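For reference, the structure is listed below as C-alpha cells.
Rule-based calculations on the coordinates, nothing more; no lab input. All of these numbers come straight from a predicted model, not from anything done at the bench. Cβ sites come from the backbone with ideal geometry, for glycine too, and all protein chains shown count toward neighbours.
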Amino acid sequence: MGAEPGGTGTSAIVIGAGIVGAITAYELAKAGIATTLIDTEGPASGCSFGNAGAISPGSVAPLAMPGVLRQVFDMLLDPEGPLHLRPAYLPRALPWLIRFTLAARPARVDRIAARLHDLHRDAVDAHRRLASEIGAPELVQERGHLHLYPDERTLAKDSGAWALRKRFGVNVRRLDRAGIVELEPSVGPRYTIGMFLPDHAMVVNPYRYVERIVAASRQRGARLAIDRIVRLEADGHGWTCRSSNREWCADHVVVAAGVASVALLRPLGIRPPLESQRGYHVSFEGVRPPTRRVVVLADRKAFTTPMEDGFRIAGTVEIAGTAAPPNPRRSAVLERLARQTFAGLDDAKAKSWMGHRPCMPDTLPWIGRSAARRGLWYAFGHGHTGVTDAPATARQIRAGITGSH
Ligand SMILES: Cc1cc2nc3c(=O)[nH]c(=O)nc-3n(C[C@H](O)[C@H](O)[C@H](O)COP(=O)(O)OP(=O)(O)OC[C@H]3O[C@@H](n4cnc5c(N)ncnc54)[C@H](O)[C@@H]3O)c2cc1C
C-alpha cells in the first residue's frame with residue numbers, strides 16, 4: 001500500500017511512535033509530506049511511556065566521563081546502587097562496554113559535550129512551542145530542576161559534569177539546606193547541597209504528550225497505522241516496509257524504533273552500536289505530588305517528577321538485554337528511596353514499570369540520512385535524553401527530507 005503524496009509530492013514512513021517518531025511525523029506532516037506513522041502497539045508504547053519527563057538542556061555531560069570505570073565498579077558493588085549488570089549478559093554487552101569506556105577519554109568527552117549542547121540547547125523553547133501548537137500547553141511546565149547531594153564528597157563525584165555545564169553557560173545556582181527547603185519543603189534531611197537549574201523544564205505526562213502529538217499529526221494529515229514492520233526493502237524509487245501481512249511504500253523511511261531499530265537495520269548490513277540501558281520507574285498514582293519540579297537525587301541517579309496524575313521516581317541503569325523480564329528488586333529500591341526522601345508518600349500505592357533506553361556508547365544519537373542508502377533516515381539512540389532531544393531530531397529530519405537546510 002502506498003502513502004499518497006502530500007502537498008510537496010513527497011511521502012515518508014516513520015517507524016516508531018515514541019516521542020522521537022511522533023514529533024518527527026508531526027513535523028513532516030506540517031511540512032506537507034504525506035506521512036505514515038507506524039507502531040507495533042500505538043503511541044508511546046516503548047520507552048517514551050514511562051520516562052521522568054525531564055527536559056534537560058544542561059545534560060551536556062556524556063554518560064561515560066573520565067573515571068567512569070572506577071565509578072562503575074563502585075556502583076556494581078552496591079546492591080542498592082543505580083547500576084546493574086546481569087552476569088549472564090556480560091559476553092553480549094562486552095563490545096558495547098568497551099566502546100563506552102573508550103568514549104570517556106577527555107578529548108572525546110569535550111567533542112561529545114559540544115555536540116550534545118548543540119542538540120539540547122533550545123529544547124525548552126521547542127517543547128513549549130510544540131505543547132502550545134498541539135493545544136496542550138499545560139503538559140510542559142517550566143519550574144527548573146533541583147539536583148540534590150548529601151555532602152561535598154558525593155557532589156565531588158559529579159564535578160566533571162558540573163564543570164561542563166558551566167563551560168557551556170548552563171545557568172546553575174548552588175543552594176544550602178535552607179535554600180533546598182525553601183524550594184522543596186518535603187525533601188528529607190539527608191540532602192544538604194542543592195544545584196538548581198532554573199531554566200529547565202518537565203513534561204508532566206509523557207504518555208499523554210505523545211498521544212496528543214500523534215493526534216495533532218493526524219489532524220495535519222498524517223496517518224497512524226498499528227503494524228509491526230519486519231523488513232525494509234529499497235526499490236528503484238523509494239522504500240517498502242513489510243509487516244507479516246502487508247506492505248507500506250514511500251519515498252523516505254525514518255527509523256525511529258528506539259532500541260528495536262537495530263533489528264530493522266541489521267538485514268541491510270547496518271549495525272548501530274545500540275544497547276538497552278534498562279530503566280525503571282515507580283509511580284505513586286493519585287497522590288498530591290510532594291514536589292513542584294523535577295528533583296534529582298543525584299547521589300542515587302534518580303529523577304523524581306510531579307506528574308499530572310501523581311508522583312514518579314525514575315532511574316536505574318540495568319544492562320541485561322531486551323529479553324529478560326523486569327527485576328522487581330530494582331523498582332523496590334526506587335520505591336524505598338522515594339518514601340525515605342519525601343514526606344507525604346507513606347500511604348500511597350506504588351506501581352512499577354521498566355523500559356529500554358536506546359543507548360549509544362558515545363551518548364550521541366544517530367540522526368539524519370544514511371550515507372549508504374538513499375531515502376533511509378535515522379532517528380534513534382537518544383539514551384537518557386530522548387524527551388529533551390526529540391524536537392531537535394525531528395527538525396533535522398524534516399530539513400533533510402524537504403531539503404530546507
Ligand atoms: C526510567 C527512564 C527515565 C527517563 N527519563 C528521561 C527524562 O527525564 N528525560 C529525557 O529526555 N529522557 C528520559 N528517558 C529517555 C527517553 O525516555 C528515551 O530516550 C525516549 O523515550 C526514546 O524515545 P524513542 O521514540 O526513540 O523510543 P521508544 O519510546 O522506545 O519508541 C519506539 C517505538 O517504536 C515501536 N517499534 C519498535 N519496533 C517496531 C517495529 N518493528 N515496527 C513498528 N514499530 C516498532 C515501539 O512500539 C515504540 O513505540 C528516560 C528513560 C527511562 C527508561
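Need a quick list: strands (runs of 3 or more DSSP E) entirely within region 184-281 having at least 1 residues that are surrounded by fewer than 23 Cβ atoms within 10 Å (Cβ to Cβ) and away from the ligand (no atom under 12 Å from the Cβ).
Qualifying strands (runs of 3 or more DSSP E): 193-197, 223-226, 231-234, 239-242, 247-250.
Restricting the search to region 147-170, which residues are over 17 Å from Asp299 (Cα atoms), in contact (Cβ under 8 Å) with a residue 40 or more places away in the chain and part of a loop (DSSP other than H, G, I, E, B)?
Once the filter is applied, which keeps residues that are over 17 Å from Asp299 (Cα atoms), in contact (Cβ under 8 Å) with a residue 40 or more places away in the chain and part of a loop (DSSP other than H, G, I, E, B), region 147-170 yields Phe168, Val170.
Any idea which of Ala104, Ala114 is assigned to a loop (DSSP other than H, G, I, E, B), at negative phi and either more than 21 Å from the chain's Cα centre (by Cα) or aliphatic (A, V, I, L, M) (or both)?
Ala104
Looking only at residues in region 20-58 that are within 6 Å of the ligand (Cβ to nearest atom) and closer than 25 Å to Arg246 by Cα, which one is surrounded by the fewest Cβ atoms within 10 Å (Cβ to Cβ)?
Ranking the qualifying residues of region 20-58, first place goes to Glu41.
If Phe100 meets every condition in (1) surrounded by fewer than 22 Cβ atoms within 10 Å (Cβ to Cβ); (2) of a type outside the set (S, T, N, Q); (3) more than 16 Å from the ligand (Cβ to nearest atom) apart from one, which number is that one?
(1)
Mind checking which residues of region 64-85 are in contact with a strand residue (DSSP E or B) (Cβ under 7 Å, 6 or more places away or on another chain) and assigned to a loop (DSSP other than H, G, I, E, B)?
Pro82
In region 164-181, which residue that is within 23 Å of the chain's Cα centre (by Cα) and among the aliphatic types (A, V, I, L, M) is surrounded by the fewest Cβ atoms within 10 Å (Cβ to Cβ)?
Among those residues, the one meeting the criterion is Val172.
If a residue has to be in contact (Cβ under 8 Å) with a residue 24 or more places away in the chain and of a type in the set (Lys, Arg) to count, how many in region 46-98 make the cut?
Count: 2.
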